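S.K.: Attaching a single structure in C-alpha cells format; questions to follow.
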Amino acid sequence: MERRDKTNYYLDIAETVSRRSTCLRRIYGAVIVKNDEIISTGYVGAPRGRKNCSDLNSCLREKMAIPRGERYELCRSVHAEANAIISASREKMLGATLYLVGFELPEDTYIANSNSCAMCKRLIINAGIEQVVIRDTREDYRVVAVRDWVENDESLEGTKGY
C-alpha cells in the first residue's frame, strides 16, 4: 500500500471534518496544524444552541437565491475556518497551516476555485496562520501564503488613492 503524502493526509482529515457540516448549500472542513500536530478543527454550522439549516430543512440564502460569496450576514452558520480559529489559542496558531476542503451540495463535488471568504481571511490573518492549503480535487491542492492576502488587500479595491 502506498503511503499518503502529508498534505493530502491533513486534507483528508479536513474532508472528514466537513461531513459534520449542517449547511444545505456548501460544506467545508478546516484543520489547523502546527509542527505536525493538529491544533483544532472546524466545520460549517450554526452557533451552539441554535438550530442548524439541516435541522430546519431550510436555507434563507437559498430561498432568496443569493449567490455564493454575498450577504453572509443572512447565513445562520459560522464558517469552518472561523470555528477552527475559535477553538484554538492564538499562540498555537502563530505560523500554523490551515487545511480547507469544501463541497457543493447536493452534487457532493469539490468546490471549484474554493477560497476563504473576506471575513474568514481577516480572521486567518489576525490568528497568525501562515498558509492555507485548499483542496481542488482528491489529489490536487493549492497553497496560499496568508502574507499575500495582507499585501494584496482586496478590501481596498475601488479605493485607489486612499
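S.K.: Any chance region 146-162 includes a residue that's in contact with a helix residue (DSSP H, G or I) (Cβ under 8 Å, 6 or more places away or on another chain), among the aromatic types (Phe, Trp, Tyr), open to solvent by 90 Å² or more (accessible area, probe 1.4 Å) and outside any strand (DSSP E or B)?
M.R.: Yes - at least one qualifying residue is present in region 146-162.
S.K.: Now for a separate question. I'm told residue 89 meets every condition in (1) open to solvent by 40 Å² or more (accessible area, probe 1.4 Å); (2) over 21 Å from residue 145 (Cα atoms); (3) out of contact with any Lys or Arg (no Cβ under 9 Å at 6 or more places or on another chain); (4) among the hydroxyl-bearing types (Ser, Thr, Tyr) except one. Can you identify the failing condition by its number?
M.R.: Result: residue 89 fails condition (2) only.
S.K.: Does residue 89 fit the bill of being of a type outside the set (Val, Ile, Thr) and more than 18 Å from the chain's Cα centre (by Cα)?
M.R.: Answer is no for this residue.
S.K.: What is the residue count in region 71-88 for residues that are in contact (Cβ under 8 Å) with a residue 40 or more places away in the chain and either out of contact with any helix residue (DSSP H, G or I) (no Cβ under 8 Å at 6 or more places or on another chain) or of a type in the set (A, V, I, L, M) (or both)?
M.R.: Adding up the residues that qualify gives 8.
S.K.: Determine if region 71-79 includes at least one residue that is open to solvent by 90 Å² or more (accessible area, probe 1.4 Å) and either at positive phi or of a type in the set (A, V, I, L, M) (or both).
M.R.: Yes, region 71-79 has at least one match.
S.K.: Of the residues in region 124-145, how many are outside any loop (DSSP other than H, G, I, E, B), surrounded by 13 or more Cβ atoms within 10 Å (Cβ to Cβ) and either of a type in the set (Val, Ile, Thr) or within 11 Å of the chain's Cα centre (by Cα) (or both)?
M.R.: Number of matching residues: 7.
S.K.: Picking from 52, 57, 8, which residue would you name as being at positive phi and of a type outside the set (Val, Ile, Thr)?
M.R.: On inspection, the qualifying residue turns out to be 57.
S.K.: Let me ask another. Every residue in region 40-70 that is β-branched (Val, Ile, Thr) and open to solvent by 40 Å² or more (accessible area, probe 1.4 Å), please.
M.R.: Scanning region 40-70 gives a single hit, 41.
S.K.: Being basic (Lys, Arg) and farther than 12 Å from residue 98 by Cα is the filter; apply it to region 15-39 and report the residue that is most open to solvent (accessible area, probe 1.4 Å).
M.R.: 20
S.K.: For residues that are touching a residue at least 12 places away in the same chain (Cβ under 8 Å), acidic (Asp, Glu) and either in a strand (DSSP E or B) or in contact with a Gly (Cβ under 9 Å, 6 or more places away or on another chain) (or both), tally how many sit in region 13-70.
M.R.: Total satisfying the criteria: 1.
The values are calculated or read from the model by the stated rules, or taken from the named source; none is laboratory data. As the structure is a prediction and not an experimental result, all values here were calculated from the model. Positions of Cβ are generated from backbone atoms using ideal geometry, with glycine treated the same way; all protein chains shown enter the neighbour counts. The area values use the complete protein model at the heavy-atom level, side chains included, leaving out ligands, DNA and RNA. Shrake-Rupley method; radii C 1.70, N 1.55, O 1.52, S 1.80 Å.
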